[in-house]
Amino acid sequence: MVGIIVAVAEKILPVGAFAIGVFYLGSLVPFKLVATGRPHDNNRSGWWQLIIFSSIIGGVQLLLLMCIKGTLGENKFGDDPLVTSG
C-alpha cells in the first residue's frame, strides 16, 4: 500500500515521494516498538504482530489486539502501567 502511495506521489511531485519514503522509514522503528509492547499489555508475546502476514483476517485480528484493554494488574511482562500508586 505504501508503494502505491509512493508511486502516485512520485508522478505528482518527485520530492513528495522522497518525503513519504523518509517518513515511512523514520516511523518504522517506533511503530514496531509499539506493536511489540501492545501484546505485552495483554499478556501475549510480541510475535503476535506477525499474524498480519497470515491473511486479511490476520490484519483484522491484529487491529483488534491493538485496541483491546490490557490485563489488569501485573502480568509476565511487568506491572500494569495504568495502576496508580498511592
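The values are calculated or read from the model by the stated rules, or taken from the named source; none is laboratory data. A quick note: this is a predicted structure, and the numbers were derived from the prediction, not measured. Cβ atoms come from the backbone with ideal geometry, glycine included; neighbour counts cover every protein chain shown.
Things to note:
- The set of residues from segment 14-31 being surrounded by 11 or more Cβ atoms within 10 Å (Cβ to Cβ), at pLDDT below 85 and hydrophobic (A, V, I, L, M, F, W, C) comprises ALA17, PHE18, ALA19, ILE20, PHE31.
- Taking the criterion of being without any contact (Cβ under 8 Å) to a residue 12 or more places away in the chain and either surrounded by 11 or more Cβ atoms within 10 Å (Cβ to Cβ) or of a type outside the set (Ser, Thr, Tyr) (or both), the residues of segment 52-68 that qualify are ILE52, PHE53, SER54, ILE56, ILE57, GLY58, GLY59, VAL60, GLN61, LEU63, LEU64, CYS67.
- Meets criteria (surrounded by fewer than 10 Cβ atoms within 10 Å (Cβ to Cβ), in a helix (DSSP H, G or I) and at pLDDT below 75) for GLY86: no
- Looking only at residues in segment 22-53 that are among the small types (Gly, Ala, Ser) and under 24 Å from LYS76 (Cβ atoms), the one that is nearest to the chain's Cα centre (by Cα) is ALA35.
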